[in-house]
Structure formats: C-alpha cells, structure tokens
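K.L.:
This is the structure I have questions about; it appears just below.
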Amino acid sequence: MLAGDIHADGGKSVMAGMLAGKAALITGGANGIGRATALLFAEEGARVAAADLNLEGAEETAAMIREAGGEAIALSVEVSDAGQVEAMADATVEAFGRIDCAFNNAGIAPVNVGNNAKRTHNWSEEGFDRMIEVNLKGVWLCMKSEIGRMLETGGGAIVNTSSIAGLAGLPTSSGYVAAKHGVSGLTRTAGIEYATDNIRVNAVCPGFIATDMTREVMSRRGNELMALVPARRMGEAREIAEMVCWLCSDRSGFVTGATYNVDGGYMAS
Ligand code: NAD
C-alpha cells in the first residue's frame, strides 16, 4: 500500500500522504531528479503524469509507480515546443481532471549542446540558443499551460528546477547559468503575479546531484568540485524530490516566489 492510500486506523478512515488526492505533472520524468520525484509523489498519494522527450523512460517511471500500487501515465513532450506542451497539459487534465502540482524539471547540460568545458567566448551560438530554448523557454511554456488550467480549477503549486547556477556564476557553463538565472527570475515574477489566485510558484536549486547529467563533468573535475561542497559529497536525486514534495504540498501554503537551495551547503560557502 502506498502512503497516500485511504486506510482504516482504529475504525476510522485516515488520509495519509503529503500529496494525497493531488494530480501532478512532472517534466523530465524519465530519469534522474524527475523520476525520483515522480516516485516520491506517488508514494505520497499523488496521481502522476511523467512527461519526457524520452517516452520509453517515462513509461518505465509510470510502470514503476503502477507496480507499487499507484496511478500514473507517461507522456511524450519536447518542452520547447508550445503545441506539445499544450498537448501534455491537456492529456494530464484528461487523465486526472486537473493539475494540482507541476514540476517543470526537464533540462539539459552544456555537454548536451556541445559546449562543455568552454568559456563564454567559445560557446557556439547554436548551443546557446538550444540551451535557452529548453532550460528557460521550456519552463515558461510549461508554466503558461499549467497556470491557465490551475486558474480554471481554483489553484495549484508549481516548482521549477533552477540550480545553484541560477543563483551564482559557474565557470564554463555560461548558457546554462543564463537559462537557470532566467528560471529563478520567472519563478519570482510568477510567484508575485498569482499569489492571490491560490497558485504558488517556487524553485528548487540543486547543487551537484548524482544523475546522468553530472556524469561527464564529475569524471573530468569531480575532486575539484567536491572540494567546493561543504558536505563533501554529491546529493541524491531523492534529496531534491523531498524538497519538491514539500513545496507542492499544502504544508508549504505560505511559501511562494522563493528559491530553495538543496546543495550540501555550496551556496553558503
Ligand atoms: P537527467 O539528464 O537525468 O534528466 C533530465 C531529463 O530531462 C531526461 O529524462 C531528459 O530526457 C529530459 N529532457 C531533456 N531535454 C528535454 C526536452 N527538450 N523536452 C522534454 N524532456 C527533456 O538530469 P537531472 O540531473 O535529473 O536534471 C533534471 C533537472 O535538474 C534539469 O533541469 C537540470 O538542469 C537540473 N539540475 C541538475 C543538477 C544535477 O547536479 N544533476 C543540478 C542542478 C540542476
């Protein structure tokens, strides 16, 4: 039984789970932080739509949830395509009737656009544009589609994945840093705009997390980077999921327009 199930406790029904009864949409749900969050959301009682460019991976995530007794669907999406993002939101509403929680998390790293280990003047224009298109415009498109539907159903909670790179500079990551600073700014602005509409908008700022995304940079500069982290280790995807779960739950009802570091102390040092 998942934590969010209704179960009998001493003769009376109890709703457990931080997200019991909520409908959630997660982009980047095929892998890493998105998958870990999808699994935790389901454990906490949410019905989950896992959306990703990698449909096979999203289907695997949904299957993992269903095997554990939860409810989930998988959706294919390219987050930089407005039509596909709208279709993703429509499909979620069709399946679950509403979107209560949205985690706009799909993203790419400099290595994915051929610009790893390059200082600002060496980034290609094509790589910079693709980075902005996926990591910044993609988040805006998702918010645009989600907020419209949340306004119709009385509210919701959105969490965007920013980064420590959305709060400070990171050498050789200029396009990524620009996009993530943009995500932090979009989050703050939307947090203000919808504060009286019962829609909360926050961002999580992960430090170095052990996922496929960090494999390349860790193999090149792992020791150097870990020396900058007070906790002297990488974070686990599940440790980001815990923050996202809280931000999507009613327990964070007075929290909006905020960015939360989950980084082993990186931003404090
Ligand atoms: P990951 O590579 O494991 O997962 C990213 C997922 O996003 C993949 O499943 C991928 O298919 C999907 N995706 C990529 N481009 C897409 C697109 N255009 N449309 C739809 N889906 C797309 O990486 P992760 O570490 O889980 O990253 C998740 C988020 O966390 C990203 O936004 C990333 O920038 C951010 N982040 C990660 C770290 C870290 O250390 N891993 C640190 C800070 C922020």
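The values are calculated or read from the model by the stated rules, or taken from the named source; none is laboratory data. For clarity, every value in this text was computed on a predicted model and none was experimentally measured. Quick reminder, even Gly has a Cβ in these numbers, built from the backbone with ideal geometry, and neighbours come from all protein chains shown. Ligands, DNA and RNA are stripped out before the accessible areas are found, and what is left, the full protein with its side chains, is counted by its heavy atoms. Shrake-Rupley method; radii C 1.70, N 1.55, O 1.52, S 1.80 Å.
K.L.:
Non-local amide H neighbours of residue 156 (under 5 Å, H modeled in plane, Pro and chain starts lacking H): which ones?
P.N.:
199, 200
K.L.:
For every other residue with a beta carbon closer than 9 angstrom to the beta carbon of residue 24, add +1 if it is Lys or Arg and -1 if Asp or Glu, then tell me the sum.
P.N.:
Neighbourhood net charge equals +1.
K.L.:
Could you point to the residue in 252, 20, 57 farthest towards the positive end of the chain's charge dipole, with +1 and -1 charges on the Cβ of Lys/Arg and Asp/Glu respectively?
P.N.:
Toward the positive end, the furthest listed residue is 252.
K.L.:
Could you pull out every residue, at least 5 positions away or on a different chain, whose amide H is within less than 5 Å of the one on residue 172? Hs are placed 1.01 Å off N in the peptide plane, and Pro or chain starts have none.
P.N.:
Placed amide hydrogens put 120 under 5 Å from residue 172.
K.L.:
Computing the accessible area with a 1.4 Å probe over protein heavy atoms, can you report the carbon and sulfur percentage for region 17-262?
P.N.:
In region 17-262, the share of accessible area belonging to carbon and sulfur is 51 percent.
K.L.:
Considering only DSSP beta bridges whose two residues both sit in the chain, what percent are antiparallel, to the nearest 5?
P.N.:
Approximately 10 percent, going by the DSSP bridge assignments.
K.L.:
Please report the projected area of region 17-262's Cα convex hull averaged over all directions, in nm².
P.N.:
One quarter of the hull surface, i.e. the mean projection, equals 12.3 nm².
K.L.:
Could you list the residues of region 120-142 with an amide nitrogen less than 17 Å from a label point located 7 Å from the Cα of residue 216 in the Cα-to-C-beta direction?
P.N.:
Residues 120-135 fall inside that zone.
K.L.:
Determine the calculated [θ] at 222 nm for the chain from helices alone, applying -39500 (n - 2.57) to every DSSP H run no shorter than 4 residues and normalising by the residue count; nearest 500 deg cm²/dmol.
P.N.:
That comes out to -13000 deg cm²/dmol.
K.L.:
With a probe of 1.4 Å, find how much accessible area region 17-262 has per residue, and write the answer as a whole number in Å².
P.N.:
42 Å²
K.L.:
Students often get this wrong: which residues of region 156-178 have the backbone nitrogen under 19 Å from the point 7 angstrom along Cα-to-C-beta of residue 116?
P.N.:
164-165, 170-178
K.L.:
Zone of residue 54 (label point 7 Å along Cα→Cβ, backbone N under 19 Å): which residues in region 110-128?
P.N.:
110-116
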